[in-house]
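First the structure, in the form of structure tokens, and then the observations on it.
The values are calculated or read from the model by the stated rules, or taken from the named source; none is laboratory data. Predicted model only: the values in this text are computed from it and were never measured. Every residue, glycine among them, receives a Cβ derived from its backbone with ideal geometry; neighbour counts consider all protein chains shown.
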Amino acid sequence: MKTVGLIGFGAIGRYIVKHWASAASDYRLTHVLGRTAQLDDMRKACGAGTMVTDRPDEFLDDLPDIVIEAAGHTAVKMHGPAILAAGRELYLLSIGVTADQECIDLLKRACQDGGGRISMPAGALAGFDGLLALHASGLRRVCYTSRKPAFAWKGTPGAALYDLGTIETAMTIFEGSARDAAKLYPKNANLAAAVAMAGLGLDDTNIVLIADPDIQENIGEIEAEGDLGRLFVRVSGEADPHNPKTSVVVGASVLSALANQSSIFRYI
């Protein structure tokens, strides 16, 4: 049975731990790294069989087979290279970190040196299989649109430019490259980077971010055109009540990816 570690105990991390027993029975959750203030909650949620710590050195000292990152860009930069250099598999959720070329170069070098591998769960979106197929056969255009409730953009550059608390109709708060979206909206645009990585890259993928006061869900859309066809995917998901910038289904997608990896019949 493979062992799994989790970095981060926010909305996504809590969901993963809560649903672990019913969704990831072929794996054992052995390590969880979080903040000092979260230790008591982590111990209650994980039980006696999981090492819970706020010390990165303790977590990294005896790494499990797979590490799920659910803690943000800083955590990827701090711990990602060591995990990959040790030959482990890193489930990367903060995919927007790919906009930082220096960080990506470090992660790639660690993979080459240690044999580690980076896996990117689908998160709150779908259609990556079709996008990859189009990319292999002459992909010409990709646009990803993220539409979220106005309050989900609190604390972002969009909130500094517009009074999102008073808008009455949907408003585009950003349109540009995936690289710029990932840099400006690191907590909101991880899927933008994921779409770019599967398609035309960070500089040639168009991203549209919309604040919509009339919705309560997070909605993502991919539009793509290639030599062999066109792709349109639209997914709407419940916003996490603890962190409206993300969707509840993100945690479920991580557990689904683990289950798929160990299944006799796998989707690839």
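Side notes on the structure shown:
- Unmet requirement for residue 186, which otherwise passes all of (1) buried (at least 18 other Cβ atoms within 10 Å of the Cβ); (2) modelled with pLDDT of 90 or more; (3) assigned to a loop (DSSP other than H, G, I, E, B): (2)
- You will find that of 155, 130, 176, the residue that is of a type outside the set (Ser, Thr, Tyr) and part of a loop (DSSP other than H, G, I, E, B) is 155 and no other.
- Among the candidates 164, 84, 92, 139, residue that is under 21 Å from residue 230 (Cα atoms) and either β-branched (Val, Ile, Thr) or in contact with a strand residue (DSSP E or B) (Cβ under 9 Å, 6 or more places away or on another chain) (or both): 139
- Scan of the range 106-163 for residues that are among the polar types (S, T, N, Q) and under 20 Å from the mean Cα position of the chain (by Cα), ordered by number: 119, 145, 146, 156
- Among residues of the range 14-38 being among the β-branched types (Val, Ile, Thr) and either outside any helix (DSSP H, G or I) or not assigned by TED's automatic domain parsing to the domain that holds residue 66 (or both), the one that is farthest from residue 1 (Cα to Cα) is 32.
- The residue that is nearest to residue 192 (Cα to Cα), among those in the range 81-105 that are under 14 Å from the mean Cα position of the chain (by Cα) and not aliphatic (A, V, I, L, M), is 96.
- Checking the stated criteria, residue 215 turns out to be part of a loop (DSSP other than H, G, I, E, B) and either of a type in the set (A, V, I, L, M, F, W, C) or closer than 20 Å to residue 96 by Cβ (or both).
- Residue 3 being touching a Lys or Arg at 6+ places or on another chain (Cβ under 8 Å), surrounded by fewer than 18 Cβ atoms within 10 Å (Cβ to Cβ), over 26 Å from residue 180 (Cα atoms) and of a type in the set (Val, Ile, Thr): yes
- Filter pass, residue 68 being of a type outside the set (D, E, K, R), touching an Asp or Glu at 6+ places or on another chain (Cβ under 8 Å) and on the phi < 0 side of the Ramachandran plot: no
- Candidate set: the range 242-268, residues that are part of a helix (DSSP H, G or I) and not aliphatic (A, V, I, L, M); chosen: the one nearest to residue 186 (Cα to Cα): 251
- Condition met for residue 48 (under 26 Å from residue 188 (Cα atoms) and out of contact with any helix residue (DSSP H, G or I) (no Cβ under 8 Å at 6 or more places or on another chain)): no
- Candidate set: the range 132-177, residues that are more than 28 Å from residue 241 (Cβ to Cβ) and among the aliphatic types (A, V, I, L, M); chosen: the one surrounded by the fewest Cβ atoms within 10 Å (Cβ to Cβ): 136
A quick yes/no check of all residues on (1) assigned by TED's automatic domain parsing to the domain that holds residue 198; (2) polar (S, T, N, Q):
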residue: 212; (1), (2): yes, no
residue: 223; (1), (2): yes, no
residue: 230; (1), (2): yes, no
residue: 236; (1), (2): yes, yes
residue: 257; (1), (2): no, no
